[in-house]
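The values are calculated or read from the model by the stated rules, or taken from the named source; none is laboratory data. These numbers were taken from a predicted model, which means no experiment stands behind them. For neighbour counting, all protein chains shown are included, and Cβ atoms are generated from backbone atoms with ideal geometry for every residue, glycine included. Heads up: the accessible areas ignore ligands, DNA and RNA and are worked out on the full protein's heavy atoms, side chains in. Shrake-Rupley method; radii C 1.70, N 1.55, O 1.52, S 1.80 Å.
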Amino acid sequence: MSVTDLSTDFLLESAPPAHALVNVSFTLREGEVLGLVGESGCGKTTLMLSLMRLLPANGRITSGTVNFMGQDLLDLGENAMADMRWKHIAMIFQGAMNALNPVQRVGDQIAEAIVQHNYIQEKGVVDGRVAELLDLVGIGPERRRQYPHQYSGGMRQRAMIAMALACNPQIIIADEPTTALDVMVQAQILELLDTLRQRLGLSILFVTHDLGVVAEMCDTVLVMYGGVTVEYASVDTIYNDPQHPYTRELLRAFPDLSRPTEKLASIPGHPPRLNALPPGCRFAPRCPAVFDRCHTEQPALHQVKLGHWASCHLVERM
Amino acid sequence: MSSIVEVTHLRKLFPVKKGGLFDRQEKFVHAIDDVSFTVERGEVLAVVGESGCGKSTLALTLMGLERPTSGVIQINGQNIATLKGKEIQVVRRHVQMIFQDPYESLNPIMTIADIVAEPLKVHGLVKNKQERQERVIRALEDAGLKPALNFMHRLPQELSGGQRQRVVIAGALVLEPELLIADEPVSMLDVSIRAEILNLLLELRQMRGISIVMITHDLGTVGYVADRIAVMYLGRLVEIGPALQVLQQPHHPYTRALLSVVPVPNPRQRRERVILQGETPNPINLPPGCRFHPRCPVAQPRCQETDPMLQPVAAAHEAACLLLSSG
Amino acid sequence: MSPSPPPIRSFWRTFRRNRMGMVGAVMLILAVLIAVFAPALAPYNPYQPTRVTIDDIYAPPSPAHPFGTDDAGKDVLSSFIYGARVSLIVGFFASFISVVIGGVIGISAGFYGGKLENGLMRFTDIMLVIPDFPLIVLLVALTKPSLLNIIVVIGLLGWTSSARLVRSQTLSVKQRKFVLRARAIGAGNFHIIRRHIFPLVLPLIVVNTVLVISLAVLNESALSFLGLSDPTKISWGQMLNFAFTRGAMSAGAWWALVAPGLGIVWLVLGCTLLGQGLEQVLNPRLETHHLSVGSKMVARMMGMKEKPSEVKAVSGD
């Protein structure tokens, strides 16, 4: 999947439209895990919903292309797009409890996901497929007749993953899949996703704010702030040679067990609200390295070196 | 100087009703099972564990919101279980709590000033409006909401998550407590502001000598704030000791496993991870012997029989594992 | 202390855009205005005896009597205008009694729980299964059918639904963390109910009151229609009763039936619309804060039709 210059506006009452997403581009190769990182309200969810074309009624995609399997997803008709969702691009959500129907057996919900998309129709084959999926995510076959509330948090997330895999999708969008879980369960789920990636050749768009998880899971990282791409590079570059001040600050704010004596830093202030964006660089009000130009001019995404992009006036100057 | 909190052989069981109409058996959830520890004045003790390990119950019991089944909790030398009426109010004034979810722990229809003033009204601590106003302003500014007048007449939903957590802290500070119990104070906040809140807590410790018991599942942050770390598993303390020692030389296999799976934000530092399979067993039917043995990567036959006690492994550092005694 | 103005202003801003609620409010306000200014609006005083000729009985609508006359030759329009008073008085006061009882029972049961809740709720259930209306008829018939008695009887029997609603809302507010925080501060039960529970249950009580008014109005009309009304007060039900029993049908005097009938419908419809409008505006569950990925999103994502009966999650405990 390759995304170029995707922009999304939200139409507001009694105000000009808010530019929630501006010219975001990235490529997701086969078998790649791309980490989408940023604080809450930085546009992660908007990007995800734009890709799936599930924006709320006041959201409009204003420009860009989303190339996937040789076609532009933004040009597809509503029916063709509905066919695309889940069959080719599936999603895993944060709170698995909310995402599962509490009054339906887990096995039946997975079966429903399969039948709904005409992946398989014959009853016997569907049952076999459900068993296969549950086995894939490490849920014992005896538990398919249970209800979601009989599952623990980790099991529910596994069930969600099984549902996402129902139609053999090529891409999985994982929205904070481990945020509410304990570290040990988180480790189990991450290990599972990693195995599935290798076995099924899945591409994963991993949305999270946990930089530790990103370091362990992802191949490339896209850092977002205020709806703009701040930095986009391989995971090693992001952690060991970050160019954008926001990326650096974010890393300094994240606790690192291997250096427990250092003082933890914070980024004062909060992300801009979409209806009150600063005129220049969106990070300028919180940036420690800010100078005059930042307040008036928005920096463009600039290639630092091959495969490493950052949008900062300081980077351009070098 | 005496410790501010002294917990000895604390036990908290919750009855659960199981079985049909006729053969009702009383069973118990062992939320806290024989836990002893102390908190010194001005100390930050982190209680770490996964969900269901009993750490939240421990917080509520320390607050006097749950009655212990047995055991003694002494705060400032007074056993809070035997206190009644007025006396318990006085002790409670010195122990305040900070909650995990700053979005839920503030009444959405009260102004910030009302919220922070509420404890003063409840305890009838101020005589007039002006004094109350002054103390509210002082608490808000101590909690880093400056200038306080900008915030006082707003409603919680107009503030960001970090600011709300500061309001909760101000609401605790206004009573000038000696002990703060912080239940996952930053886990709902964005990474970029977590440090602010943690640093604020540390500042309060330094300025006012407040002791803090921090309940958390996030091992990543405890090293920055805690003096000592206590690790809980299934209602038991399995390891307790100075923060750096526990983080760098953990003795209990559970602590080791937990530490090994905390993601490190550096792709060049890949470590050997010990991923425990399965989940924490339910605290109703506890395994015999060491309660960690069914998931323990180094368990031995004798672990199924003997329940290990905490024993010293280094200066001020204790762990409860049978393998430690044999060397 | 008064709640700060912004919520009220924002409430008004949302409510104004709720067409259903606004229509209901206007209908209700109009009815209240008619009742209050009845002496000024009514062309005749229905309580004053009038001299009647045979032509005056069931006279069809005419410029002198726009709604015609009734069996006693009285002006239907005037009776109709005065009748609004009884319906509204009974509606407001009876529902006030109901809601106070229901609120106290609901909040106590929800907040204290345990045996008290069990007792109160079993009592509520018993009251709920007893058919209200026959009991109301019985009680009013046994006592003197005065306005006060009617109000008290309707009020005393109409609180069950409020009690159940208020209890469930109390239960959900009680779970919220700020109540735990208040406890941690050291606040007592009374303080918590007054400052944290009641203000958050209040919107529901307001909505419920409006709906209970319509019930009380209906009950009162039905009572009067059965002849169990205060004979000294004109009410819409009584007008219907007289018209029905004294040959309006056979005389073809539809106007004597239509006017009070429409009045009842007007009031009940007004209350229902206003109540539903208020519910939509006040009910926090229907509010959407920001982009959230919930079960609906999953359903859309999976291309399924949204299920209308989304059962709230039974959390595992």
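The figures follow:
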quantity	calculated
Count of segment A:259-318 residues which are among the β-branched types (Val, Ile, Thr) and open to solvent by 70 Å² or more (accessible area, probe 1.4 Å)	2
Helices (runs of 4 or more DSSP H) contained in segment C:166-272 and holding at least 3 residues acidic (Asp, Glu) and open to solvent by 30 Å² or more (accessible area, probe 1.4 Å)	none
Any pair with Cβ under 9 angstrom, 6 or more apart, that starts in segment C:136-147 at a residue that is in the same structural domain as C:PRO231 (by TED's automatic domain parsing) and of a type in the set (S, T, N, Q) and ends at one that is at pLDDT below 90 and open to solvent by 60 Å² or more (accessible area, probe 1.4 Å)	C:SER146/C:THR232; C:SER146/C:LYS233
Of all residues in segment B:1-20 being assigned to a loop (DSSP other than H, G, I, E, B) and modelled with pLDDT of 55 or more, the one that is most open to solvent (accessible area, probe 1.4 Å)	B:SER2
Any hit, segment B:21-43, residues being among the polar types (S, T, N, Q) and within 14 Å of another protein chain (Cβ to nearest Cβ)	no
Close pairs from segment A:146-171: first closer than 17 Å to A:GLN188 by Cβ, partner polar (S, T, N, Q) and surrounded by fewer than 21 Cβ atoms within 10 Å (Cβ to Cβ), Cβ under 8 Å, at least 6 apart	A:GLY153/B:SER51
Set A:THR220, A:THR195: member being surrounded by fewer than 24 Cβ atoms within 10 Å (Cβ to Cβ), free of Cβ contacts under 8 Å to residues at least 24 places away in the same chain, within 12 Å of chain B (Cβ to nearest Cβ) and closer than 22 Å to A:ILE89 by Cα	A:THR195
Criterion violated by B:ILE284 - all others in (1) buried (at least 19 other Cβ atoms within 10 Å of the Cβ); (2) within 24 Å of the chain's Cα centre (by Cα); (3) hydrophobic (A, V, I, L, M, F, W, C); (4) modelled with pLDDT under 90 satisfied	(1)
Residue in segment B:148-163 that is in a helix (DSSP H, G or I), among the aliphatic types (A, V, I, L, M) and open to solvent by 10 Å² or more (accessible area, probe 1.4 Å) present	yes
Candidate set: segment B:97-147, residues that are without any contact (Cβ under 8 Å) to a residue 12 or more places away in the chain and not in a helix (DSSP H, G or I); chosen: the one nearest to the other protein chains (Cβ to nearest Cβ)	B:GLU104
Residues that are at pLDDT 85 or above and polar (S, T, N, Q), drawn from segment A:151-173	A:GLN157, A:ASN168, A:GLN170
Residue in segment A:39-72 that is farthest from the other protein chains (Cβ to nearest Cβ), counting only those that are in contact with a strand residue (DSSP E or B) (Cβ under 8 Å, 6 or more places away or on another chain) and open to solvent by 50 Å² or more (accessible area, probe 1.4 Å)	A:ASN67
Options B:LEU198, B:LEU189, B:LEU173; residue that is away from every other protein chain (no Cβ under 11 Å) and buried (at least 19 other Cβ atoms within 10 Å of the Cβ)	B:LEU173
Every residue from segment A:153-174 that is under 18 Å from B:SER187 (Cβ atoms) and surrounded by fewer than 24 Cβ atoms within 10 Å (Cβ to Cβ)	A:GLY153, A:GLY154
Any pair with Cβ under 7 angstrom, 6 or more apart, that starts in segment C:64-88 at a residue that is on the phi > 0 side of the Ramachandran plot and ends at one that is assigned to a helix (DSSP H, G or I) and at pLDDT below 90	C:GLY68/C:VAL76; C:GLY68/C:TRP255; C:GLY68/C:ALA256; C:GLY73/C:ASP56
Matching residues, segment C:36-57, being more than 10 Å from C:LYS74 (Cβ to Cβ) and either among the β-branched types (Val, Ile, Thr) or open to solvent by 90 Å² or more (accessible area, probe 1.4 Å) (or both)	C:VAL36, C:PHE37, C:LEU41, C:ARG51, C:THR53, C:ILE54, C:ASP55
Subset of segment A:250-268 (residues that are assigned to a helix (DSSP H, G or I) and either over 24 Å from B:ILE197 (Cβ atoms) or more than 7 Å from chain B (Cβ to nearest Cβ) (or both))	A:ARG252
Segments classed as helices (runs of 4 or more DSSP H), wholly inside segment A:42-137, with at least 3 members that are farther than 30 Å from A:ASN275 by Cβ	A:78-87, A:106-116, A:123-136
Residue within segment C:28-35 that is touching a Leu at 6+ places or on another chain (Cβ under 6 Å), of a type in the set (Val, Ile, Thr), in a helix (DSSP H, G or I) and farther than 21 Å from C:SER229 by Cβ present	no
Any chance B:ALA230 is in contact with a Leu (Cβ under 6 Å, 6 or more places away or on another chain), within 11 Å of chain A (Cβ to nearest Cβ) and either closer than 27 Å to A:ASP210 by Cα or buried (at least 19 other Cβ atoms within 10 Å of the Cβ) (or both)	no
Answer residue from segment A:73-83, given it is at the interface with chain C (Cβ under 10 Å from one of its Cβ atoms) and of a type in the set (A, V, I, L, M, F, W, C) and is farthest from A:PHE93 (Cα to Cα) among those	A:MET81
B:ALA257, sole failed condition from (1) open to solvent by 10 Å² or more (accessible area, probe 1.4 Å); (2) farther than 29 Å from B:LEU204 by Cβ; (3) not in a loop (DSSP other than H, G, I, E, B)	(1)
Subset of segment A:214-231 (residues that are of a type in the set (D, E, K, R) and either in contact with a strand residue (DSSP E or B) (Cβ under 7 Å, 6 or more places away or on another chain) or in a strand (DSSP E or B) (or both))	A:ASP219, A:GLU231
Candidate set from segment A:231-248 (those that are facing chain B (nearest Cβ under 7 Å) and open to solvent by less than 40 Å² (accessible area, probe 1.4 Å)); member that is nearest to the chain's Cα centre (by Cα)	A:VAL235
Failed item, numbered, when C:ALA109 is tested on (1) in contact (Cβ under 8 Å) with a residue 40 or more places away in the chain; (2) within 23 Å of C:ALA31 (Cβ to Cβ); (3) open to solvent by less than 40 Å² (accessible area, probe 1.4 Å)	(2)
Selected residue (criterion: most open to solvent (accessible area, probe 1.4 Å)) from residues of segment A:179-192 that are β-branched (Val, Ile, Thr) and touching an Asp or Glu at 6+ places or on another chain (Cβ under 9 Å)	A:THR179
Residue check, A:LEU136 crowded, with 22+ Cβ neighbours inside 10 Å, within 25 Å of the chain's Cα centre (by Cα) and of a type outside the set (Gly, Ala, Ser)	no
